[in-house]
1. Which one of Ala67, Ala47 is more than 19 Å from Thr101 (Cα to Cα), surrounded by 13 or more Cβ atoms within 10 Å (Cβ to Cβ) and at pLDDT 95 or above?
2. Suppose the filter is surrounded by 12 or more Cβ atoms within 10 Å (Cβ to Cβ) and at pLDDT below 95; does Gly88 pass it?
3. Taking only segment 79-93 into account, find how many residues are among the small types (Gly, Ala, Ser) and part of a loop (DSSP other than H, G, I, E, B).
4. Would you call Pro15 modelled with pLDDT under 95, closer than 23 Å to Gly103 by Cα and in a loop (DSSP other than H, G, I, E, B)?
5. For segment 40-69, which positions are touching a residue at least 24 places away in the same chain (Cβ under 8 Å) and outside any helix (DSSP H, G or I)?
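The values are calculated or read from the model by the stated rules, or taken from the named source; none is laboratory data. Here the structure is a predicted model, which is why all the values come from computation and not from measurement. We place every Cβ from the backbone using ideal geometry, glycine too, and count neighbours over all the protein chains shown.
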Amino acid sequence: MEPTQPATPTDPAVPSSEVAYDTVVDACTSWQDSLGQDAATFPATQAQAAQLAATAAAGDPKWQTLASDMAGLVAIGTDTSSDAVERGQQLFTDLSTQCGTVGVTVNAG
């Protein structure tokens, strides 16, 4: 009888690729929802969406850019400097494109 390798334990906090995909859908949906919220509400919703994206990226590295984009937008917050606005537009365009790949339309208008 040959010895068998023990099963590699998985960390339940790190989602599988399929779960990561579903988590990205949730993150993108939350982000889109935040765009219709008032100034007192949307920051918390966007921070939650960014956390969901980070969780998805932990399970599937292909979502790392989306997680980074969301975190970057959260960090910019209400900064209205020209550099922040330009960077925010770039991040938002990328976020919108990536969310589109999972069937979620994210747009500000």
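1. Numbers: Ala67 fails: more than 19 Å from Thr101 (Cα to Cα).
Just a single option satisfies the conditions, and that option is Ala47.
2. Values: surrounded by 12 or more Cβ atoms within 10 Å (Cβ to Cβ): yes; at pLDDT below 95: no.
No.
3. Step one: list which residues in segment 79-93 are among the small types (Gly, Ala, Ser), which gives 81-82, 84, 88.
Narrowing further to those that are part of a loop (DSSP other than H, G, I, E, B): 81.
Summing the residues that are among the small types (Gly, Ala, Ser) and part of a loop (DSSP other than H, G, I, E, B) in segment 79-93 gives 1.
4. Numbers: modelled with pLDDT under 95: yes; closer than 23 Å to Gly103 by Cα: yes; in a loop (DSSP other than H, G, I, E, B): yes.
Answer is yes for this residue.
5. Asp60
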